[in-house]
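Data first, discussion second: the structure below is written as structure tokens.
The values are calculated or read from the model by the stated rules, or taken from the named source; none is laboratory data. No experiment lies behind these values; they were computed from the predicted model shown. All Cβ positions, glycine included, derive from the backbone under ideal geometry; neighbour counts span all protein chains shown.
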Ligand SMILES: [Zn+2]
């Protein structure tokens, strides 16, 4: 199917109200345990489900919890069960118009089950081919697997989401041969910097690499991970994210992680369990930022950090109050940014000194 035909298809059949806030793009990294599922809802109420996690029953819970509806496009990054199983109820309930995939049939029962449900729903298949798709006012760019990849992981379908200046990127369970192919294929400016980035392959050791992250330059990383026997997320991946200076969210510690993006591209990140990100973004002091000496009194911390979260490194920037934040031109201060603390965020929405 050609890109223009895809656009036409996506513009058809949209009906009904969606619970999206006006003008706001919402991306939810759903807590599906060990696996990936990302729901992208445009300001116009159009939704895409990128992967669905490993459990149909868990996805049905999430569909109820987040009132997931009007999903017109489902994407399987690849055919592994921890990515496609939860797509079954999403397809059955939403009857999406399109199913974007890597064109390589799975060999599992759940693949057969998904293809049966897709055909019952009248959903058309679409093979990844570097298409651009307009999801309302949100631009989606499909990163097709480069030629010559030979298994499911290295044939993962990537998706770049752009809204204003905001960019998010997810690339399934890619491995180094695939990301190296993309590095050859795309200019660095097309791949980074990325505001919110999905950790490759649940933080596996063969997913993200220093060469790839040097170009992607993620500011925030979300790892879709739950109890597992693979050692995910690995120390190697976590240290790569730390070296990149990214704040790290994990669905096993933070629950579902929600990103809300304003029309200009300003964004906030909140998490279901309210836990702070592991390794919050390190500040890089510049002359423009007044570094206020540490306050003599202990800073009240109304938001307890769960024992499961790693301790926060000391912030290099401390703002005693919102007047100082505004004077520094940093208002609103988003969770994860240098100087953010719960004491400045009275309504706890991840945006301090609004
Ligand atoms: Zn996986």
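Restricting the range 159-177 to residues that are part of a strand (DSSP E or B) and in contact (Cβ under 8 Å) with a residue 40 or more places away in the chain, the residue that is nearest to the ligand (Cβ to nearest atom) is 170. For the range 130-148, a residue qualifies if it is part of a loop (DSSP other than H, G, I, E, B) and away from the ligand (no atom under 16 Å from the Cβ), and the qualifying residues are 130, 131, 136, 137, 144, 146, 147, 148. Answer yes or no as to whether residue 220 is away from the ligand (no atom under 16 Å from the Cβ) and more than 16 Å from residue 27 (Cβ to Cβ). Judged against the criteria, residue 220 is not a match.
For the range 48-58, name all the residues that are surrounded by fewer than 24 Cβ atoms within 10 Å (Cβ to Cβ) and either in contact with a helix residue (DSSP H, G or I) (Cβ under 8 Å, 6 or more places away or on another chain) or part of a strand (DSSP E or B) (or both). Once the filter is applied, which keeps residues that are surrounded by fewer than 24 Cβ atoms within 10 Å (Cβ to Cβ) and either in contact with a helix residue (DSSP H, G or I) (Cβ under 8 Å, 6 or more places away or on another chain) or part of a strand (DSSP E or B) (or both), the range 48-58 yields 54, 56. Annotation for the range 11-21: no member residue is in the same structural domain as residue 253 (by TED's automatic domain parsing), touching a strand residue (DSSP E or B) at 6+ places or on another chain (Cβ under 8 Å) and modelled with pLDDT of 95 or more.
Do we have residue 100 as in a strand (DSSP E or B), touching a strand residue (DSSP E or B) at 6+ places or on another chain (Cβ under 6 Å), over 17 Å from residue 32 (Cα atoms) and more than 15 Å from the ligand (Cβ to nearest atom) here?
yes
So, of the residues in the range 195-215 that are buried (at least 24 other Cβ atoms within 10 Å of the Cβ) and under 11 Å from residue 179 (Cα atoms), which turns out to be farthest from the ligand (Cβ to nearest atom)? Top of the filtered list is 208. Are any of the residues in the range 70-87 in a loop (DSSP other than H, G, I, E, B) and either away from the ligand (no atom under 16 Å from the Cβ) or more than 22 Å from the chain's Cα centre (by Cα) (or both)? Looking through the range 70-87, at least one residue is in a loop (DSSP other than H, G, I, E, B) and either away from the ligand (no atom under 16 Å from the Cβ) or more than 22 Å from the chain's Cα centre (by Cα) (or both).
Tell me which residues, restricted to the range 229-252, are within 16 Å of the ligand (Cβ to nearest atom) and surrounded by 24 or more Cβ atoms within 10 Å (Cβ to Cβ).
Hits for the range 229-252 are 233, 237, 250, 251.
Of all residues in the range 229-252, those satisfying the criterion of being free of Cβ contacts under 8 Å to residues at least 60 places away in the same chain and under 14 Å from residue 195 (Cα atoms) are 241, 244, 245, 246, 248.
The sole residue among 226, 255, 264 that is in contact with a strand residue (DSSP E or B) (Cβ under 7 Å, 6 or more places away or on another chain) and either in contact (Cβ under 8 Å) with a residue 24 or more places away in the chain or within 16 Å of the ligand (Cβ to nearest atom) (or both) is 255. With respect to being in the same structural domain as residue 258 (by TED's automatic domain parsing), away from the ligand (no atom under 16 Å from the Cβ) and either assigned to a helix (DSSP H, G or I) or surrounded by fewer than 21 Cβ atoms within 10 Å (Cβ to Cβ) (or both), residue 114 falls outside the description.
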